[in-house]
Every structure is written in structure tokens, then in C-alpha cells.
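Enquirer: Have a look at this one before I ask anything.
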Amino acid sequence: MQLKDDLLQCPMFSGVTDEDLKFLAGVIRQRVCEKGELLFSEGDAAAGFYVLAEGRVKVYKLSPDGKERILHIVQPGTSFAEAAIFGDGHYPAYAEPLQKSRLLFFPKREFLDLLHNKSQIAINMIGGLSRFLRQFATQVEQLTFQDVPARLAKYILGLAGDENDEVLLPIPKGELASNLGTVSETLSRTFRKLSEEGLISVKGKQIRIEDRDSLEDIAESTKER
């Protein structure tokens, strides 16, 4: 039952049948990994892909001088590294847990063999990849056309949703800075600026939205404004 729940919370497998789940259970390898345990490195041959059941995982690249750039933080119910098993067969980045995490690993050969017999799984996977590509395109657009205040405002509003005015940052501010395509010093100045303008109030990781309308205006602004 736990495995079924883990898979059904992942968009890629949200439409599979109970019969499909039985076949999937035959190829899945469950792993429990500690914080900082390297799952794979950039350039490694892709042995398979993962679905995160519990915990958090960061996917990142390293610059030539060793500086880390986080591409995204994987949350429970999300698959990652699936594109690598269809492309050139190599992982395009690094991945490691930010805390103790439970993962479902899908070995490449066993999973691809299963796709030949269970077309619905393949269809669901394509849907999951499409959603990821849309998210990636949005991230690129934000980095290209929006400044740091706009990116931060959009991030805070995304956490809060339509109903909440108080949110708790799920990751350290240093990781958030990298995820937003900036550095810690710039992020700190941006938090301070939004606070001084009365748009938000900040206490540690706790953020309260004080002026939602103005924050939404900033979130929708571009560098050309």
C-alpha cells in the first residue's frame, strides 16, 4: 500500500491502474539515503531514474571553479533524472539528498522493457516530462526577464498560494539564493528591501505577506520596467 501511495502522488504515474502498479513494483528498488550522499554525478552513465517518496533532494551543477548552482529542489512525489535514460544515456547534473530521504529507483533496462508492454505507463511518463519542461521554461524565462525582487516575490506567492499570508521557507536562504539564480548577499538585500517597503515581514524562515497586491505587482514585473 505504501508503494502504491508513493507512486500515485507522482504526476508521471498518477493515471496507472492497479495492474500496472503490480508490474512497476517488480522493477522498483527502494533506497534510503542520508543527507549529502551522492546519488549520481554529472557525466555518469544513467543507470535509471528516481521518484522521491520522502525527504528533499537537490539537483545541481558545478562551475569550473567548483561553485555550486542548484537547478532545482526535488520535493516528495516528484520524479527526476528520467530524461537521462532516453537521451545520451548520461546524467546531466549532480544529485544528493538535503536530508535523510527515501527514494524509489527505476533501473533503466528493466523499466524500458516494461514500457514495451505497458503503454499507459509510457504515456504518463511523457506527461510528466512535459510538465517538467514547462517548469524549466518558466525558470529560464524568469532568469532572463525578471530581476531578483520579481523572482523572490513570485517564489513567496507560490509558497503562500491564494489563501495563506504566512509561509515557512522550506530550504536555507543560501540554497534559495542559488535556486533563484543569485547570491546570498543579493537575496538578503532583496528581503530587506521588500521588508522596508512594507510588502513582507521576515523572522528567520517565517515570512508574512503584508501587502499582497504590491507583491503581486513586483512578481509580474520585468527588468525593462
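Enquirer: At most 15 other Cβ atoms within 10 Å and a DSSP loop assignment: could you name the trypsin sites (Lys or Arg not before Pro) in segment 1-102 that fit?
Expert: Lys35, Lys67, Lys100
Enquirer: Something else: Leu38: net charge of surrounding residues, Cβ under 10 Å, Lys/Arg +1, Asp/Glu -1, itself excluded?
Expert: Net charge around Leu38: -3.
Enquirer: Under 1.5 on a/c is rounded, so check that first for segment 62-120, then, if it is not, pick prolate when a/b is larger than b/c and oblate when it is not; a ≥ b ≥ c are the square roots of the alpha carbon gyration tensor eigenvalues.
Expert: Oblate, since a/c reaches 1.5 and b/c is not below a/b.
Enquirer: How big is the charge dipole of the chain about its Cα centre, in debye rounded to the nearest 20, if each Lys and Arg gets +1 on its Cβ and each Asp and Glu gets -1 on its Cβ?
Expert: 520
Enquirer: Before anything else, pin down the relative contact order of the chain: Cα pairs under 8 Å, at least 6 apart, normalised by residue count, whole percent.
Expert: 21
Enquirer: Which value in deg cm²/dmol, rounded to the nearest 500, describes the helix-derived mean residue ellipticity at 222 nm for the chain, given -39,500 (n - 2.57) per DSSP H run of n ≥ 4 and division by the residue count?
Expert: -12500 deg cm²/dmol
Enquirer: Once the Cα atoms of the chain are picked out, what are the Rg and Dmax in Å?
Expert: 19.3, 59
Enquirer: Less than 12 Å Cβ to Cβ from Arg69, Lys/Arg counted +1 and Asp/Glu -1: what total charge do the surrounding residues give?
Expert: -1
Enquirer: Tell me the GluC sites (Glu not before Pro) within segment 175-205 that lie in a loop according to DSSP and have at most 14 other beta-carbon atoms within 10 Å.
Expert: Sites meeting the loop and neighbour criteria: Glu197.
Enquirer: Determine the alpha carbon to alpha carbon distance for each of Lys35/Lys203; Lys173/Lys203; Lys58/Lys100 and list only those over 22 Å.
Expert: Lys35/Lys203, as the Cα separations exceed 22 Å there.
Enquirer: I've got another one for you. Using C-alpha positions alone, give me the convex hull volume of segment 4-102 per residue in cubic angstrom.
Expert: Here the figure is 96 Å³ per residue.
Enquirer: Next up: Quantify, in whole percent, the carbon and sulfur part of the accessible surface of segment 164-209 (1.4 Å probe; protein heavy atoms only).
Expert: Roughly 48 percent, rounded to a whole number.
The values are calculated or read from the model by the stated rules, or taken from the named source; none is laboratory data. Since the model is a prediction, treat every value here as computed from it, not as a measurement. Positions of Cβ are generated from backbone atoms using ideal geometry, with glycine treated the same way; all protein chains shown enter the neighbour counts. Note: areas computed on protein heavy atoms with side chains; ligands, DNA, RNA excluded. Shrake-Rupley method; radii C 1.70, N 1.55, O 1.52, S 1.80 Å.
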